[in-house]
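Notes for the one structure printed next.
The values are calculated or read from the model by the stated rules, or taken from the named source; none is laboratory data. It should be emphasised that the depicted structure is a prediction, and the values quoted were computed from it without experimental measurement. Virtual Cβ from ideal backbone geometry, glycine too; neighbours counted across all protein chains shown.
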Amino acid sequence: MAVPDPLGVRDTLVTAENQHRTAYQASKFAEAIAAARGGLELADRAGTLQDQIQFVRHLAYDYFLMGDNESALDYSQRLLNCAELLNDNRIRAQGHRYLSEIYATMKDDALSRSHAESALRLATLAGDGDVRIYALTVVGLSEARARHYDAALRAFEESRVYWRKQNRPWNTVNSLVNIADVAEDRGDLADALRRYEEIVAGRIANGDRSGQVRAVAAIAGLLRQLGRADEALPRLVAVRALAESIGSHRVLAEFYLNLAQVQEARRDFAAALATERLAESESEALGSERARLRSSELEARPKTVSSKIPERSESVSSSPEFIPGIFLACAF
């Protein structure tokens, strides 16, 4: 029997989730955060723990993508505590996966590796195929950072095969990105270039506009390294309007930086200087947006933190085996 919902809470939560997804997939993380915070506040008032977990998960990863590791860790810890409330190894595994990614950006490879291994162990205990493959991916990323390229490729290839069998094209392309990046790190630029051409086709097929821009920028970077900057420039020019239409400071900062490097390689220094200024402007805007979000997060915290979700414990940053905790996987 359906549960009555006279106030339309479920419809509002679904709307918040859809708004978050749309903003996230466009790399507009400030908008994604706003949608997730609104959803969390509503879920908190409604007392629906699963919805709270969903939006806490979104906030943890969105703040990570914005470069606000402090907020990401805060929400990670709340998510870890939620996992304890449910005694759920699946959520624990997902949480460790995110913590691994956060600590990787903080250049703490040892802690990142420990969280990755914990994620894989807990995912295996949970018996969830998707969560295990997400965990295997962060183990592969850890292997790649350690230059254990064969081990990394085994993890990424297993991930790609799994997602293909599950008919999950978005995830399949993400696995191919990891494989291409290993090829580049190994110095096999030709193989990396071939794979990134496949990635662009996949991004277009998936309707992933920001992913398409990033993939073309990666191709331009590879062509530049191969001494083919004259080929790289028209590739970037062709997607410039798309990049600017997305309107994401992060996407534009990365795009303009790649364009400036190609222009410099072609010895068009005036154009490169002008483009570098555009990249700096977008980076500054991203930094300001990050600071504004952090400030509003601190101000809004009494409204968005549920009494059912305990505050962050300091032990999460020092102990990868801290069992009140895990970070949720971003299963889009």
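Each residue in segment 184-230 was checked for being in contact with a helix residue (DSSP H, G or I) (Cβ under 8 Å, 6 or more places away or on another chain), of a type in the set (Asp, Glu) and in a helix (DSSP H, G or I), and 5 pass.
Look at Leu79 and say whether it is over 15 Å from the mean Cα position of the chain (by Cα), surrounded by 24 or more Cβ atoms within 10 Å (Cβ to Cβ) and in a helix (DSSP H, G or I). Yes: the conditions hold for Leu79.
Any residue in segment 219-232 that is in contact (Cβ under 8 Å) with a residue 40 or more places away in the chain, more than 20 Å from Tyr24 (Cβ to Cβ) and among the basic types (Lys, Arg)?
yes
Lys107 passes every criterion in (1) more than 22 Å from Ile199 (Cα to Cα); (2) in a helix (DSSP H, G or I) apart from (2).
Of all residue pairs spaced 6 or more apart or on separate chains, those with beta-carbon atoms under 6 Å, a first member in segment 241-270 that is outside any helix (DSSP H, G or I) and a second member that is modelled with pLDDT under 95 and not charged (D, E, K, R) are Ser248/Ser27.
You will find that of Leu189, Leu136, the residue that is on the phi < 0 side of the Ramachandran plot and within 21 Å of the chain's Cα centre (by Cα) is Leu136 and no other. Out of all the residues in segment 11-53, which are closer than 29 Å to Ser245 by Cα and surrounded by fewer than 16 Cβ atoms within 10 Å (Cβ to Cβ)? Within segment 11-53, Val14, Thr15, Asn18, Arg21, Thr22 qualify. In segment 121-138, the qualifying residues are those that are in contact (Cβ under 8 Å) with a residue 24 or more places away in the chain and farther than 20 Å from Leu86 by Cβ, and the one that is surrounded by the most Cβ atoms within 10 Å (Cβ to Cβ) is Thr137.
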